[in-house]
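Notes follow the structure.
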Amino acid sequence: MTTNTENQGNSLDIVKWVIAILLVVVAIVGNQMYNNSEIITLPIRAAGVVVVFAIAGFIALQTVKGKQALAFARESQIEVRKVVWPTRQEALNTTFIVLAATGILALILWGLDAVLLRIVNFITGV
């Protein structure tokens with residue numbers, strides 16, 4: 001009995017995914033077909049694409065994978081709230097440290113390149 005309901009749920013999910021994908025394809029193809037149309041202007045086409053994508057997204061969220069993705073997004077949002085973000089001053093200090101370290105490393109590599117170039121020129125006799 002459980003297997004039968006799981007198969008039915010999976011087949012419904014497949015139907016929902018097919019409908020969502022078809023809606024996205026219809027939106028893309030319709031937008032392309034009416035690209036040069038004078039009757040359907042760009043704002044109307046854009047609004048239509050947004051509405052069709054929203055409907056497709058809503059249908060996709062009704063599937064098992066869609067519900068899992070929505071739960072993951074909610075949990076991620078909760079975790080982001082727990083992050084301790086640096087203050088403006090801390091961010092500026094870190095940025096300056098990174099810039100200074102990058103400049104020093106660039107000078108070291110430039111010097112190493114110059115030394116190696118002279119060594120190679122000396123060896124090759126150029």
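The values are calculated or read from the model by the stated rules, or taken from the named source; none is laboratory data. These figures come from a predicted structure and were not determined experimentally. Counting neighbours? That spans all protein chains shown, and the Cβs are built from the backbone with ideal geometry, glycine included.
For the stretch 37-86, the set of residues classified as closer than 20 Å to Val15 by Cα and polar (S, T, N, Q) consists of Gln62, Thr63, Gln68, listed by residue number. Is it the case, given these coordinates, that Val98 is assigned to a helix (DSSP H, G or I) and either assigned by the TED database to the domain that holds Ala27 or of a type in the set (Gly, Ala, Ser) (or both)? Considered against the rule, which asks whether it is assigned to a helix (DSSP H, G or I) and either assigned by the TED database to the domain that holds Ala27 or of a type in the set (Gly, Ala, Ser) (or both), Val98 comes out as no.
Checked against the criterion of being surrounded by 11 or more Cβ atoms within 10 Å (Cβ to Cβ), at pLDDT 90 or above and closer than 21 Å to Leu70 by Cα, the candidates Ala46, Ala27, Ala54 yield just one match: Ala54. Reported count of residues in the stretch 67-78, each being surrounded by 11 or more Cβ atoms within 10 Å (Cβ to Cβ) and either over 19 Å from the mean Cα position of the chain (by Cα) or in contact (Cβ under 8 Å) with a residue 12 or more places away in the chain (or both), is 1.
Only one of (1) over 30 Å from Trp17 (Cα atoms); (2) surrounded by 11 or more Cβ atoms within 10 Å (Cβ to Cβ); (3) modelled with pLDDT of 95 or more fails for Leu107. Which number is that? Result: Leu107 fails condition (2) only.
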